[in-house]
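What follows is calculated from the coordinates using simple rules that are stated; it is not laboratory data. Source: prediction; values computed, not measured. Counting neighbours? That spans all protein chains shown, and the Cβs are built from the backbone with ideal geometry, glycine included.
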Amino acid sequence: MRALLQNFSKGGPYLADVPIPSVAAGQVVIRNECSLVSMGTEMMLVDFGEASLLGKALKQPERVKDVLRKMQTDGLLTTVDAVRSKLNAPIPLGYSCVGTVVDVAPDVKHLKVGDRVAANGPHADYCLVSGNLCARVPDGVSSHQAAFTVVASIAMQSIRLAKPTIGESFVVIGVGLIGQITVQLLLANGCRVIALDRNEERLQLCRQMGAETCKVDDEAAVIATVDKFAEGRGCDGVIIAAATTSSVPLKLGAEFLRKRGRMVLVGVAGMDLDRKPFYEKEISFSVSCSYGPGRYDKNYEDQNQDYPFGFVRWTAQRNFEAILQLLGTGDLDVEPLITHRHEFEKAPEVYGELGQANDALGVLFDYQDSEADLQPSRSITIQNNLFQASKPIVGVVGAGNYASRVLIPALKKADAQLHTLVSLGGVNAAVTGKKFGFSHVSSDVQDILNSDEINTVFVVTQHDSHAHFAAQALHAGKNVFVEKPLAIDQIGLDGVLTALQSAASDASESGAPQLCVGYNRRYAPQILEMKRVLDGFGQPLQMVMTMNAGYVPADHWTQDIAIGGGRLIGEACHYIDLMRYLVGDRIKDARVLQMSPSSVAAATEENLSIQITFEDGSLGTILYLANGHPSFPKERIEVFSGGRVLQLDNFQRLQGYGWPRLSAKRLFRQDKGQNAFVLEFLACVEEGRILIEKDELVDVAMTSINLAGQLRK
């Protein structure tokens, strides 16, 4: 199938051939019939992609601060690599479509295959969307009308915040697509409306709908016109649907309002507010968030959890339904807003034309006529690579940030035989697979598990699926590399170990499949040097490892115990393994303390002090912190032993105190061992060696799970 993507480093949009997505929990797959271009959001993304590097920096100055901060802690070359990787990651364009459901997750009960739905899907032949961000289209509503549903819901949500009542007077500043719909919805609420814009053609549309208008060309004249419209008493509400960096719309809006009036920002505008009019009039000011309650809530979008009807009357999905109802009754008429219609195959050229068009409002892409050309498949062959069966032939499950920016480039540098790359949505797999030379890309993990050629599987998905995919791959008789953690609970760990034992008992003469976890810090060059001198010293170690991990929002997936396993299991496990590796002996006991609950976010596992004792008498303290300053080194490792000290800062500078044989190094580029670790793992697979012994993997996994259990008690 085809998907419309925007690359931020190489210019404008382009059509990519990608696998059709596979359904996931809480999701549905839709075959698109029509989709609507959001002129404001999408053209802003296209303009950003076509801008120079300096232009991009000027458009997002807050990102420049993040880059400078990363440069200070991680170094110039590491930061440059990260920025290039970010800019080279294309994103899908579009978020308002209508189509037919072709696949439904079992937990989505309100939809079935064959339903025609409006959804927040991108411009693509097929799209994967949340079941809670879909709504059935009534029979009397055409697909062209229904394609406006999601964009219209943005306007609807701003009106819900404004709380208009019959007879009230409202000003709408900016009457592009969302502004036009806002005007109609206010009129449907029985309000008097005056629309302000610089474009006379758009104002003419508003007059046809029954609104009064004023062209914005002289500020004093506009104020006088609105004052006359409000009969000298001030308007009840102002909705700003403009897209500008200027703060003038908010300044004018405050001028227009009566005492205790309401202002809602649904577009984009400068926020340099003058307190005086807001204070003197007691103006209520709100910023409208997208389609309504549920948007950007992972429980709502990803976990299919709806808000109770009696407590949250208007969710994003219920706003969709309300818009579709208004389209069915004719109280919302979008036909006059349709200015352009194109076949989807012409989409890249269309964006170039839209950049020059002043009359564009509703721009639609039609998909029906191109169905004869579609060959929907969950697997695509990119190139016919020849593979040597005696060497690792690799399948990768997951094509997210870490996979595409770190692990897969490491596989490429190791000259690995790249067979199949899988991602659920298909787009990430297609983009990354083509870039790094995979033979096939897919949205179905069974294409890897059932392959007779693939003998080695890398699992680089979200943490809750690590154990599941690892166990499946082991049952299929394949070597497995799992990005940490191995499992987020005891059930998952037991499943992996059972699969490993079963695979060993079923193994042929060629040997049992190997299991490895991505504890790459073991192979950082400076860690290898530390290990070399410590192994020859023969003294117990006192270790202090500090991870200045930084703030992560409480609703981020890594903080979610059910998905990410929490930050202790998901991230601090790196240091538990590193201590186990440097000591070279079993963990005897482990305890964890957390800052007072009043000082940390509820249910987050961070700001921890972990104490570990080892069988040989060594001691370790891990400080996993989210309350430090970002300019402080992110990682610091200190080892004290027999009157000597080793100190490693941020995997760049290694210093030894009292170590005459130490090869002290300061690296130009931060190196956490990812490339060397992957290279060594592939060599172990080929040669039949074990990279990390099973007992070590179990020791670290059990310790991480038990420590998290202590916190959760």
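Subtracting the Cα-Cα distance of ASP218 and ASP452 from 0.36 nm times their residue separation leaves 77.0 nm of extension gain. The angle between the Cα long axis of helix 427-436 and the main principal axis of the chain comes to about 50°, on a 0 to 90 degree scale.
In this Cβ point-charge picture (+1 for Lys and Arg, -1 for Asp and Glu), the chain has a dipole of about 2060 debye about its Cα centre.
Over the range 405-483, what is the relative contact order in whole percent, taking alpha-carbon pairs under 8 Å and six or more residues apart? All intermediate terms of the calculation are to be shown ahead of the outcome.
Details: 92 pairs, mean separation 18.4, N = 79.
Taking the mean separation of contacting Cα pairs over the length of the range 405-483, I get 23 percent.
With a/c under 1.5 counting as rounded, go ahead and sort the range 648-713 into rounded, prolate or oblate using the C-alpha gyration tensor (a ≥ b ≥ c being the square roots of the eigenvalues; past the cut-off, prolate if a/b is larger than b/c, else oblate). Walk me through the intermediate numbers first.
Working: a/c = 2.23, a/b = 1.25, b/c = 1.78.
Taking the square roots of the gyration eigenvalues as a ≥ b ≥ c, the range 648-713 is oblate.
Net charge in the neighbourhood of VAL363 (other residues with Cβ under 10 Å of its Cβ; Lys, Arg +1, Asp, Glu -1) is -1.
Could you state the angle between the C-alpha long axis of helix 694-712 and the longest principal axis of the C-alpha atoms of the chain, as a value from 0 to 90 degrees rounded to the nearest 10? The angle comes out at about 50 degrees.
For the chain, what does the relative contact order come out to in percent, with C-alpha contacts under 8 Å and a separation of six or more? Don't skip to the answer; put the middle values down first.
Working: 1526 pairs, mean separation 83.0, N = 713.
For the chain, the relative contact order is 12 percent.
Charged neighbours of TYR307, selected by a Cβ distance under 13 Å, balance to 0 (K, R count +1; D, E count -1). Rg and Dmax of the range 210-334, both derived from C-alpha coordinates alone, stand at 17.8, 52 Å.
For GLN325 and SER596, what does the FRET efficiency come to when R0 = 35 Å and r is the distance between their Cβ atoms, rounded to the nearest 0.05?
Values: r = 51 Å, r/R0 = 1.45.
FRET efficiency, GLN325 to SER596: 0.10.
Taking Cβ atoms as reference points and 13 Å as the exclusive limit, the residues near HIS440 contribute a net charge of -2, counting Lys and Arg as +1 and Asp and Glu as -1. For ALA24 and TYR279, the FRET efficiency from 1/(1 + (r/R0)^6), where r spans their Cβ atoms and R0 equals 56 Å, is about 0.70. Mean sequence separation of contacting Cα pairs (under 8 Å, at least six apart), scaled by the length of the range 155-287, corresponds to a relative contact order of 24 percent. Take the Cβ atoms of ASP272 and LYS228, set R0 to 35 Å, and the FRET efficiency comes out at 0.80.
The fraction of all Cα pairs in the chain landing in successive 20 Å bins from 0 to the largest distance is 16, 43, 31, 10, 0, given as whole percents.
How much length is gained on full extension from ARG712 to PHE387, taking 0.36 nm per residue of separation minus their Cα-Cα distance? Walk me through the numbers before you get to the answer.
Working: separation 325, 0.36 × 325 = 117.00 nm, distance 4.77 nm.
This chain segment gains 112.2 nm when fully extended.
Rounded to the nearest 10 degrees, the angle from helix 490-506 to the longest Cα principal axis of the chain is 50 degrees.
Label-to-label distance for CYS289 and GLN305 is 1.5 nm, based on points extended 7 Å past Cα in the beta-carbon direction. Rounded to a whole number of µm²/s, how large is the Stokes-Einstein D of the range 155-287 at 4 °C and 1.567 mPa s, given Rh as the Kirkwood radius over C-alpha pairs? Translational D for this selection: 91 µm²/s. With Cα atoms defining each centre, the range 100-123 and the range 213-292 are spaced 39 Å apart in the structure. Among rounded, prolate and oblate, which fits the range 380-445 when a ≥ b ≥ c are the square roots of the eigenvalues of its C-alpha gyration tensor, a/c under 1.5 means rounded, and a/b larger than b/c means prolate? It comes out oblate by the Cα gyration axes.
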